[in-house]
Amino acid sequence: MEILSVNNISKSFGDNQVIKGLSFTVKANTIYGFLGQNGAGKTTVMKMILGLHKIDTGTITVNGQQVKFGQTPTNEYIGYLADVPAFYDFMTPREYLQLCGKISKLDATILNERITKMLDLVGIEDNKNKIKGYSRGMRQRLGIASALLSKPLLLICDEPTSALDPLGRKQILDILAEAANETTIIFSTHILTDVERICDYVGILHNGTLALEDDIQSITNKYATENYLLEFTTNQDLVKFLDSRLFKIIEQTDLSAVVSGCDISEIYAQVNTLNIYPIKLEEIKSNLENVFLEVTNGTV
Amino acid sequence: MALFKPFFYKEFLKSFRNYTFYILLILFSFFGFSNPIIAKLMPEIFKLAESDLGGITLVLPEPTALDSWMQFFSNISTQLGLFILMFSSIFTIELSSGSIITMLTKGMPRHLIITSKFAFLVVVWTIMYYLTFFITYFYTPLLLTATLDNQLIMSFFPYFYGILLISISLWGGVITKSSIGSIVFPLLYTMLMSALSFISLPKDFIPAVLSRDSILLLTNEVSLSHFTIPTIATFFIIIFFIGTAIAIFNKQHI
């Protein structure tokens with residue numbers, strides 16, 4: 001069953017068309033990694049799903065109900081976690097979650113119990129300290145507690161780990177992985193290792209549309225090619241090797257290059273023919289990062 | 001109502017915890033006490049200034065309760081200015097910090113954000129205004145004499161004019177998304193009203209009558225009917241500003 005369906009949406013800001021006929025769906029009880037470079041339009045898409053930005057053309061449905069700009073009924077199905085969540089700093093975490101719960105129309109009889117459970121899940125002490133004194137990691141965890149409070153069908157996370165240190169990132173990813181047992185998550189980020197760690201499906205937003213969409217394993221199997229790192233003692237040797245144009249250059253420095261589009265025997269044959277020998281030859285394991293770079297470089 | 005109440009309560013909690021409420025309580029109490037005190041001391045203050053007037057002797061009548069109420073009226077614009085200044089960011093801070101996004105994504109309708117904030121401002125203005133009023137009302141007879149009529153009825157009109165400026169302040173914040181807008185638009189409106197006061201046709205019908213002519217009720221120079229049209233006009237202008245603030249906010253990208 002599809003929780004979220006984005007159908008051929010477009011969005012422009014002035015003359016700049018940020019989203020061009022974007023379509024994708026998110027299945028229930030999956031974690032969908034929504035990838036894209038900074039400025040690709042990920043946050044714009046999130047805000048259109050939340051009804052905070054107007055859609056120029058196309059439709060979005062959440063749990064079968066169409067999203068309408070400026071109105072909030074579909075938000076009752078959604079929990080939202082921003083990259084830097086904002087709170088009412090003068091409140092204690094329980095007071096803040098009580099406010100969120102009342103606005104989400106949670107039953108008063110279960111609200112306090114639910115708040116206790118959420119604070120426990122994210123590891124925030126239920127005390128009288130005000131949110132004002134919270135660190136960035138604590139704020140992010142409280143943001144998750146707030147987003148999950150009403151047991152949303154869909155949790156939208158907009159770069160939730162981008163501002164955190166490695167420990168904070170790990171904590172957030174652990175919480176999200178646990179939350180995925182009860183809800184569907186769409187996880188926008190440009191940190192690819194986070195996606196590899198917790199996501200089931202990946203969509204790569206590029207030039208306003210989905211350049212690639214599939215489950216992670218299929219993507220890496222299907223698109224990632226074998227890459228090789230070669231390092232030479234002189235730049236002349238490197239240039240001579242690359243001038244043969246038998247390979248696709250992925251990355252290049254003064255003395256080294258990452259190439260693809262060939263197999264190891266072809267590389268051996270070429271260096272023998274040219275009579276130049278690299279001091280290093282290493283196969284680079286394919287991962288989502290390679291695919292992402294290739295997609296955003298326009299080679300997929 | 002189920003969503004209005006917690007958001008309305010949140011505004012109060014904030015005003016208590018950041019001390020805005022208590023600061024206004026102290027300031028407005030001060031104004032309340034100062035009205036009769038300044039009226040009572042005014043002749044003494046002028047006498048002190050006599051030495052600078054090159055031998056001119058000032059003959060001033062004994063101050064009365066009317067002087068205290070004149071002081072009350074002259075202070076209202078200052079009090080209203082302070083009030084608007086202290087709450088100028090009530091809407092815009094939520095936009096700039098992003099806290100409003102969480103509320104909207106929880107399902108809080110946009111019109112309730114505007115109406116709950118407006119209701120909060122009206123309740124605080126009511127408390128503060130009538131605090132000043134009743135302190136002046138009960139303290140004036142202790143210091144000054146004179147029997148005056150209509151004080152309680154009279155108090156409503158400047159109060160209602162204050163609500164109009166509060167609605168303009170909120171509207172200014174919504175349309176400009178800036179606290180500067182919350183300050184500038186009530187100011188512009190006041191200047192416009194001052195300008196219209198010089199034009200003979202509308203000067204008796206504009207909302208500014210409510211603050212300008214209320215004191216005339218104390219001396220029975222005007223009757224209550226003098227305020228009928230300005231009060232009705234003010235009511236509809238308040239509705240207009242809050243209604244358009246909601247309509248504009250509904251269309252804003254956040």
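Values quoted throughout were computed directly from the atomic coordinates according to the rules given, and no laboratory measurement underlies them. Keep in mind that what you see is a predicted model, and the values were worked out from it rather than measured. Virtual Cβ from ideal backbone geometry, glycine too; neighbours counted across all protein chains shown.
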Extend 7 Å from the Cα of A:Glu283 along its Cα-to-C-beta direction; within segment A:249-268, residues with backbone N under 15 Å of that point are A:259-268
Filtered hits (aspartates and glutamates, Cα-Cα < 19 Å from A:Lys54, offset >= 8 within chain) -> A:Asp15, A:Glu76, A:Asp158
Mean other chain Cβ within 10 Å across A:74-81 is 3
Note to self, the protein assembly as shown gives a 222 nm [θ] from helices alone (DSSP H runs n ≥ 4, -39500 (n - 2.57) apiece, / all residues, nearest 500) of -17000 deg cm²/dmol
Rounded to one decimal in nm, the spacing of the 7 Å Cα→Cβ label points at B:Leu25 and B:Ala49 is 3.6 nm
Within chain B, pairs of Lys residues whose Cα atoms are less than 30 angstrom apart, provided they are eight or more positions apart or on distinct chains, add up to 19
With label points set 7 Å from each Cα along the Cα-to-Cβ direction at B:Asp204 and A:Asp174, the distance between them in nm comes to 7.8 nm
Projected onto their principal axes, the Cα atoms of segment B:1-70 stretch, largest extent first, over whole-Å spans of 68, 23, 13
Kirkwood Rh for segment A:1-118 from C-alpha pairs, in Å, is 16.2 Å
Given unit charges at Cβ for Lys, Arg (+) and Asp, Glu (-), the dipole magnitude of segment A:152-278 about its Cα centre in debye, nearest 20, is 340 debye
Counting only DSSP beta bridges fully inside chain A, the antiparallel percentage to nearest 5 is 65 percent
Rounded to the nearest 0.05, FRET efficiency between B:Phe73 and B:Asn250 (Cβ-Cβ, R0 45 Å) equals 0.75
With no solvent term and unit scatterers on the alpha-carbon positions of segment B:48-204, Debye gives log₁₀ I(q)/I(0) at q = 0.10 Å⁻¹ of -0.53
The Cα radius of gyration of segment A:122-194, divided by 2.2 N^0.38 Å with N its residue count, comes to 1.09
Normalised per residue, the volume inside the convex hull of the alpha-carbon atoms of segment B:18-111 in Å³ amounts to 146 Å³
Averaging 1/r across every pair of distinct alpha carbons in chain A and inverting yields a Kirkwood hydrodynamic radius, in angstrom, of 21.5 Å
Sorted by chain and number, the residues with a modelled amide H under 5 Å from that of A:Ile250, at a separation of 5 or more or across chains, are A:Val258, A:Val259, A:Ser260
Partner shielding of B:1-13, taken as the mean number of other chain Cβ atoms within 10 Å, equals 3
GNM of chain A, Cα pairs under 10 angstrom: of A:Gly21, A:Gly143, A:Gly261, the biggest fluctuation goes to A:Gly261
Gyration tensor (Cα only) of segment A:160-290 to equivalent ellipsoid, semi-axes in Å sorted down, yields 38, 16, 12
For the A:Gln217, B:Ile239 Cβ pair and Förster radius 60 Å, calculated FRET efficiency rounded to 0.05 is 0.50
In nm², the average projected area of the convex hull spanned by the Cα atoms of segment B:113-186 is 5.9 nm²
Taking every residue of B:17-29, the Cβ atoms of other protein chains inside 10 Å of its Cβ average out to 1
hull vol. (C-alpha, convex hull) per residue for segment B:89-150, Å³ -> 106 Å³
Amide H contacts under 5 Å for A:Thr57, restricted to residues at least 5 apart in sequence or on another chain and with H modeled in the peptide plane, are A:Ser10
proj_area_mean for the protein assembly as shown (convex hull on C-alpha atoms), units nm², value 38.0 nm²
Counting every C-alpha pair in segment A:53-109, the percent lying more than 18 Å apart is 51 percent
At R0 = 41 Å the Cβ-Cβ FRET efficiency linking B:Leu143 and A:Glu113, nearest 0.05, sits at 0.10
